[in-house]
1. Taking segment B:24-47, which residues are farther than 17 Å from B:Leu101 by Cα and under 11 Å from the mean Cα position of the chain (by Cα)?
2. Filter segment B:49-63 down to residues that are facing another protein chain (nearest Cβ under 7 Å) and assigned to a strand (DSSP E or B) and give me whichever is surrounded by the most Cβ atoms within 10 Å (Cβ to Cβ).
3. Limited to segment A:59-111, what total is found for residues that are surrounded by fewer than 18 Cβ atoms within 10 Å (Cβ to Cβ), more than 22 Å from B:Trp109 (Cβ to Cβ), under 16 Å from the mean Cα position of the chain (by Cα) and not small (Gly, Ala, Ser)?
4. Residues being more than 12 Å from B:Leu114 (Cβ to Cβ) and surrounded by fewer than 13 Cβ atoms within 10 Å (Cβ to Cβ): count how many of those fall in segment B:1-13.
5. Kindly provide the set of residues from segment B:89-119 that are among the hydroxyl-bearing types (Ser, Thr, Tyr) and outside any strand (DSSP E or B), ordered by number.
6. For B:Leu29, indicate whether it is in a loop (DSSP other than H, G, I, E, B), away from chain A (no Cβ under 11 Å) and crowded, with 19+ Cβ neighbours inside 10 Å.
7. Name the single residue that is farthest from the other protein chains (Cβ to nearest Cβ) among those in segment A:19-28 being within 12 Å of the chain's Cα centre (by Cα) and either over 18 Å from B:Gln41 (Cβ atoms) or among the small types (Gly, Ala, Ser) (or both).
8. If we only count strands (runs of 3 or more DSSP E) wholly inside segment A:38-111, which ones have 3 or more residues that are away from chain B (no Cβ under 11 Å) and farther than 21 Å from B:Ser62 by Cβ?
Amino acid sequence: QSALTQPPSASGSPGQSVTISCTGTNSDVGGYNSVSWYQRHPGKAPKLIIYEVTKRPSGVPDRFSGSKSGNTASLTVSGLQADDEADYFCSSDAGSKNLEVFGGGTKLTVL
Amino acid sequence: QITLKESGPTLVKPTQTLTLTCTFSGFSLSTSGVSVGWIRQPPGKALEWLALIYWDDDKRYSPSLKTRLAITKDTSKSQVVLTMTNMDPVDTATYYCAHRLLGHNFDYWGQGALVTVSS
C-alpha cells in the first residue's frame, strides 16, 4: 500500500491562487475517478472539500477546485484567504484489497 | 449532522494491545451502504488506512497489518472499536475514525487521537 506523493509545503499571498499536487500510480489515482481532498486545521477533524476528483460538497466555496491528469490529481485554491492556511491531504480509491490510499499532506501557508 | 470522536489511551507500552473506540452520531451503522473505518498518521508520514466495518458486519483490513487488527461494532451504542495487538514504537500515530459510504471515499472524520508507544 504505497502512499500518494504530495509536496510538504505550499504558499501564496492573499488573493492569489495556489495548486497542490497529489501523485499516485495506475493502481490508484490513475485508475479511478475517486480522488478526494481534505482540509485539516490543527486540532480539528479533517474536512472533505473535494470528492470524485472535481465535486464539492455542499457549503464548500467554489474557490476550491480539483482536477486530474493521468496519475496526478491537483487541488487549486483561488482567492487565498487567511483561513485557508491549513494542512491539505488527498486520497484515492485503490481497489478492493487496499481500499483507499492517502497522501502525506501539504501545509499551505498564506503569506 | 454527522460527528465522530475517537477515545482511548494516549500511551501504551511496547507489546501491549491498543483498544480505540469511535463514538459517532448523525447516522446509523445498520443503514445499508454505511461503513466506519480507521486511519492513522505517524508523525511526518502519510496517512494509512487500517480497517473498515460495514453495516452488514463485513470487515476489511489493511493487508500489511491484517494479523494485528480487529474491528467490531456496537450498533446500539453507535460505537466502533479497533484493537491492535503487539504495539511497537513505530505504531506511534494519530488515529482517526471516519464515515464512508459504499462506492465513495471517507467523508466525515473525527479529530483524531494521538497514541504514543513507549516504555
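Read-outs: derived from the displayed coordinates by stated rules, not from any lab. As the structure is a prediction and not an experimental result, all values here were calculated from the model. Backbone-built Cβ (ideal geometry, glycine too); neighbour counts: all protein chains shown.
1. Restricting attention to segment B:24-47, the residues satisfying the condition of being farther than 17 Å from B:Leu101 by Cα are B:40-47.
Hit for segment B:24-47 is B:Arg40, nothing else.
2. As a first pass, look at segment B:49-63 and keep what is facing another protein chain (nearest Cβ under 7 Å): B:49, B:52, B:60, B:62-63.
This time we only want the ones that are assigned to a strand (DSSP E or B), so: B:49, B:52, B:60.
Values: B:Trp49: 25, B:Leu52: 22, B:Arg60: 19.
My answer is B:Trp49.
3. Total meeting the criteria: 4.
4. So the answer is 3.
5. If we filter segment B:89-119 for residues that are among the hydroxyl-bearing types (Ser, Thr, Tyr), which is where we start, we get B:92, B:94-96, B:108, B:116, B:118-119.
Within segment B:89-119, B:Thr92, B:Ser118, B:Ser119 qualify.
6. Yes: the conditions hold for B:Leu29.
7. Restricting to residues being within 12 Å of the chain's Cα centre (by Cα) and either over 18 Å from B:Gln41 (Cβ atoms) or among the small types (Gly, Ala, Ser) (or both), the top hit is A:Thr19.
8. On the way: elements: A:47-50, A:64-69, A:72-77, A:86-93, A:100-102, A:106-110.
Those strands (runs of 3 or more DSSP E) span A:64-69, A:72-77, A:106-110.
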